[in-house]
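Have a look at the structure below before the remarks.
The values are calculated or read from the model by the stated rules, or taken from the named source; none is laboratory data. These figures come from a predicted structure and were not determined experimentally. Positions of Cβ are backbone-derived with ideal geometry, glycine not excepted, and every protein chain shown enters the neighbour counts.
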Amino acid sequence: MPILVNRSSRVLYQGVGGEEGVFDLQQCLAYGTNVVGIVDSNYDGKQVLGVPIFSTVCEAKKKARPNVSLVRVESPFAADAILEAEDSGIECIISQSCNLPKHDMVEVERVFEKNKRSRLLGPSSFGVITPEQAKVGKMPGYIFSPGPIGMISSADTLSYEAAWQMTRSGVGQSTCLGIGNEGGASFIDLLSLFEKDSRTEGVLLLALEEDEGIDEVISWAKKGRHKPLFFYIAGREKPFKKSDIVMIEDVSKIGEIVNNVKR
Amino acid sequence: MYLPEHQVYALLRRFGVPTPAYHLIKQFDKESLLSGLSFERAFLKVRLYEGEEREVHEVASREEALAIVEQVFATNPSPAEVLIVPAISLEKRYYLALSILKKRGVELVASVDDGLSLSEREKEHRLFREGVESRRLHPFQIRRLLSRLGITKDRERIGKSIERIVAAFFYFDATFLEIAPFGCTEDGNFVALSVHMEIDENARFRQKEIFRLARKRPEEMVLGGNIGCMANGNGLSRATCDLVRRSGKVPSSPVSVERNIESIVQGLERLDQEAGVEKIFINLFTGLFDCKTIATAIKKWVKSKKAHKPMVIRLEGTSATKACALLKKLSKDIVATTSLKEAVEEL
């Protein structure tokens, strides 16, 4: 089973936005994603591209039963939208919205930690894609292909580069997750999902040097047996302590390196 | 964003936190300064507009203060600001700071200021921490804090001030607030003597008034790179610099552009002007965005120039091959390719 999103995921859009947003929605629909509803007060019609509009997440939850939500409202409203989705019990909430006020995030993290019923990816996530099943987010679909590598990344274009290199080298992806760098689920939280996923044979992690949670990954990997891990950390100049993680230094060779390691 | 200290005083005063009297000097005028200043001992806090660097001088007389002020304004061509805070003798000095810790929320740290460094006090377990939930400290937390700090006199009044400091921290979207020291004067007055506050830039939309006063932290520019780097997205920019470094060259501060033509042309212009940059490396992964649009914009820019620095351009995304063909034809000083590996070899 792919993790977090798959063919049967029912996706809610919280905020479509203008022209660019409609284009992104259209891309998701064209990819085959099952978008079941939209909550966006800027649209007063009944639907956008055939997707019904609801006035609140609560109403959408009752009538369309979404289990994944993509938050893409402007940053002043993002924490509120995330909390609204959490309050309705949506299991997986992906925030493409970015630059959230830090005090807002403190409250978001507190609520998620207290209720423990939803998972938050982002803020500043590029989305989640399970190739040929569902694409929830702004990433271009054609660069991904189905296969055995899971990906967790805090950066968007860098992830596209990596996915495209893998696809061109003939190694596909199980699921690719954008986690941003403003909070929400950490590398470790999501690594354990891939660890349990039978389709995933190895995991590629992409981070920026200043990201939180890099050291936790290194010590997590030391604790016991795990699937092969590949790690590229942009901006890292000092060498790594010894570990069994494959540290990628040349970003132009991600595809080859991932493809060549025996799984 | 950080605020000038006297602005932080003003914000804290709005919440009823006592702050010291001060003189703010923006230009040197000996006569009016002599008539306007009155103090014996004081702290002079000199701040240059450009940059965050702050010097603190302790002076024992007005004359000594004036000499420093005169020198500051004479030697700094850029505008400067001198804050004179007359010394207050504190019976005891305390340290208090609030900050946001990811996952753990907001935390208050306090200790008795005994002259040791914070890390030394930490080692001796004399930094006291309280988590702040629901935007306030519970009364029991304040009582506990006061007891740990050994405050026995005026507990109610000092407790109230701590409560107000916490309220101000949340109200103004601060990410960091440090009061070092705060203390009680001999006549029993509590005062926040030296303050530092950082405001969250992401909260600009609800702190408009503060952002008119705030100063941007100077951007850290690493100059001296010989390869000018541009890429879309922060992660890819950093990765592009890594590649340049691996090839034995030195990257410039990367220009991170968005999916829009204007920012790409502006970035190009900046790198072309930047001293020390010998070659420009553009690495764009555009996805669904049509690379031909970018190629056309670069072409227009090149045509508008008599000469420009050599460029290595790597484009990947919709119509990348066609876009590269268009760029290659443009000049022998331009290498264009869809392959990242090939691009790096050309640097």
*Candidates B:GLY131, B:GLY105 - the one that is within 14 Å of another protein chain (Cβ to nearest Cβ), touching a Gly at 6+ places or on another chain (Cβ under 7 Å) and surrounded by fewer than 18 Cβ atoms within 10 Å (Cβ to Cβ)*: B:GLY131
*Find the residue count for the stretch B:233-281, including only residues that are among the aliphatic types (A, V, I, L, M), within 23 Å of B:ALA320 (Cβ to Cβ) and within 13 Å of chain A (Cβ to nearest Cβ).*
5
*With the condition kept exactly as written, say whether any residue in the stretch B:107-119 is touching a residue at least 40 places away in the same chain (Cβ under 8 Å) and touching an Asp or Glu at 6+ places or on another chain (Cβ under 6 Å).*
yes
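Conditions (1) outside the structural domain of B:GLU274 (by TED's automatic domain parsing); (2) in a strand (DSSP E or B); (3) in contact (Cβ under 8 Å) with a residue 12 or more places away in the chain; (4) under 24 Å from B:VAL8 (Cβ atoms), marked per residue:
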| site | (1), (2), (3), (4) |
| --- | --- |
| B:GLU163 | yes, no, yes, yes |
| B:ALA167 | yes, no, yes, yes |
| B:LEU177 | yes, yes, yes, yes |
| B:HIS196 | yes, yes, yes, yes |
| B:PHE205 | yes, no, no, yes |
| B:ARG238 | no, no, yes, no |
| B:CYS241 | no, no, yes, no |
_Subset tally (residues that are buried (at least 21 other Cβ atoms within 10 Å of the Cβ), assigned to a loop (DSSP other than H, G, I, E, B) and within 14 Å of another protein chain (Cβ to nearest Cβ)) for the stretch A:63-95_ = 1
*Which one is nearest to B:THR175 (Cα to Cα), of the residues in the stretch B:1-28 that are outside any helix (DSSP H, G or I) and hydroxyl-bearing (Ser, Thr, Tyr)?*
B:TYR2
_List pairs: first residue in the stretch B:321-346 and within 14 Å of chain A (Cβ to nearest Cβ), second residue part of a strand (DSSP E or B) and of a type in the set (S, T, N, Q) anywhere in the structure, Cβ distance under 9 angstrom, at least six positions apart or on different chains._
B:LEU340/B:ASN283; B:ALA343/B:ASN283; B:ALA343/B:THR337; B:GLU346/B:THR337
*Under 6 Å by Cβ, and 6 or more places apart or on different chains, what pairs join a residue from the stretch A:99-121 that is under 11 Å from A:ASP80 (Cα atoms) and at the interface with chain B (Cβ under 7 Å from one of its Cβ atoms) with one that is of a type outside the set (D, E, K, R) and surrounded by 24 or more Cβ atoms within 10 Å (Cβ to Cβ)?*
A:LEU100/A:ALA78; A:LEU100/A:PRO123
*asked:* Looking at the stretch A:180-218 only, could you name the residues that are touching a strand residue (DSSP E or B) at 6+ places or on another chain (Cβ under 7 Å), among the charged types (D, E, K, R) and closer than 19 Å to B:SER237 by Cα?
replied: A:GLU209
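Looking only at residues in the stretch A:156-178 that are outside any helix (DSSP H, G or I), surrounded by 18 or more Cβ atoms within 10 Å (Cβ to Cβ) and touching a helix residue (DSSP H, G or I) at 6+ places or on another chain (Cβ under 7 Å), which one is nearest to the other protein chains (Cβ to nearest Cβ)? Step through it out loud before you land on a result.
Start the filter on the stretch A:156-178 by keeping residues that are outside any helix (DSSP H, G or I), which leaves A:170-178.
Then drop every residue that is not surrounded by 18 or more Cβ atoms within 10 Å (Cβ to Cβ), which leaves A:171, A:173-178.
If we keep only those that are touching a helix residue (DSSP H, G or I) at 6+ places or on another chain (Cβ under 7 Å) too, we end up with A:171, A:173, A:176-178.
Numbers: A:VAL171: 17, A:GLN173: 16, A:CYS176: 13, A:LEU177: 14, A:GLY178: 11 Å.
It comes out as A:GLY178.
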_When you scan the stretch A:203-219, do you find a residue that is farther than 22 Å from B:PRO251 by Cα, part of a loop (DSSP other than H, G, I, E, B), among the hydroxyl-bearing types (Ser, Thr, Tyr) and more than 9 Å from every other protein chain (Cβ to nearest Cβ), even just one?_
no
*Is there a residue being in the same structural domain as B:VAL69 (by TED's automatic domain parsing) and modelled with pLDDT under 85 anywhere in the stretch B:5-27?*
yes
*asked:* Just to verify a result, which residue in the stretch B:292-347, among those that are of a type in the set (D, E, K, R) and part of a strand (DSSP E or B), is farthest from the chain's Cα centre (by Cα)?
replied: B:GLU316
*With (1) at pLDDT 95 or above; (2) more than 26 Å from A:LYS62 (Cβ to Cβ) as the list, and A:ARG110 as the residue in question, which single condition is left unmet?*
(1)
